[in-house]
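Values in this text are rule-based calculations from the coordinates and carry no lab data. Owing to the predicted nature of the structure, the values given are computational and were not obtained by experimental measurement. All Cβ positions, even for glycine, are placed from backbone atoms using ideal geometry, and neighbour counts span all protein chains on display.
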Amino acid sequence: MLSTERLVIRPFQESDHKDLYEYLSLEETYQYEPGKPISLEEARKIASERAKGTDFWAVTLKDGSQKLIGHLSFIQTEPKSFLTWEIGFIFNPAFQNNGFATEASRALIAHAFAEMDSHRVVGFCATENVASWRVLEKCGMKREGLLRKNAFFQRDKNGRPYWLDSYEYAILAEDLI
Ligand SMILES: CC(C)(COP(=O)(O)OP(=O)(O)OC[C@H]1O[C@@H](n2cnc3c(N)ncnc32)[C@H](O)[C@@H]1OP(=O)(O)O)[C@@H](O)C(=O)NCCC(=O)NCCS
């Protein structure tokens, strides 16, 4: 469990499903993310699966509400000996633009370097997704690459993929020293 000025970042619990549903049920969440709006029952399954693993972190308010306002994914890439993790984030629109994704991501990256023997953390986002790459930059990550039309999350009315360019960002443990 990690604590910052305004947040507690902790493992998922089954009871997180209602707060998770609040933002994973919205069309706007999937503009630059795979998937589509989910039902409350699906949110229940997702919260329960995440509670069993270590790839997802619940981001909750430190105030009395303890509300889950978003989550981070933090997944070790292959080969494991490269000691590299990929970070991702999705936040409830009602709580966006308050610096919460940045505050949570910074804490998790610092924890990975201090406690998980992590050597490198990477993040990918669509070049159009300014909010996402702003968060990565505010965490001290460097833009290392441009991937041309490597992903799509929407199709046009004829079913053709709407291809997006992506940026790759990364930070090394030694960058924080
Ligand atoms: C990306 C996301 C997690 C950011 O969460 P957040 O809590 O709002 O992030 P922060 O408040 O820490 O920082 C957001 C930054 O983006 C900026 N921003 C937000 N929307 C923007 C826009 N449309 N154009 C330009 N800048 C924008 C904010 O001003 C802020 O930057 P600043 O501090 O320099 O002003 C959130 O927008 C989200 O959940 N989006 C939907 C899911 C998604 O796309 N996830 C990432 C996939 S790679």
Exercise for the section: Sequence neighbours fewer than 8 away in the same chain don't count; with that in mind, list the lysines whose C-alpha is under 26 Å from K62. Expected result: K18, K45, K52, K138
Practice task
Calculate the dipole size of the chain relative to its Cα centre from +1 charges on Lys and Arg beta carbons and -1 charges on Asp and Glu beta carbons; express the result in debye to the nearest 20.
Solution key: 260
Exercise for the section: Rank the residues E128, E78 as a footprinting-exposure proxy: fewest other Cβ atoms within 10 Å of their Cβ go first. Expected result: E78, E128
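Rounded if a/c is under 1.5, else prolate if a/b is larger than b/c, else oblate: which is the range 1-160, with a ≥ b ≥ c the root eigenvalues of its Cα gyration tensor?
rounded
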Problem - Positive-end residue, the chain charge dipole about Cα centroid, Cβ charges, pick of S39, Q66, F95 - result: S39
Exercise for the section: Sort M1, M141 so that the residue with the fewest other Cβ atoms within 10 Å of its own Cβ comes first and the one with the most comes last. Expected result: M1, M141
Handout entry: Summed side-chain charge close to L147 - residues other than L147 whose Cβ falls under 11 Å, Lys, Arg +1, Asp, Glu -1
Key = -1
Completion exercise
Taking 142-155, 162-175 and ranking on average Cβ neighbours within 10 Å, highest first, one gets 162-175, 142-155
Completion exercise
In nanometres, the difference between 0.36 nm per residue of separation and the alpha-carbon distance of F153 and D55 is 33.1 nm
Exercise for the section: For the range 106-163, build the charge dipole from Cβ charges (+1 Lys, Arg; -1 Asp, Glu) around the Cα centre, then report which of V121, V135, Q154 sits farthest towards its positive end. Expected result: Q154
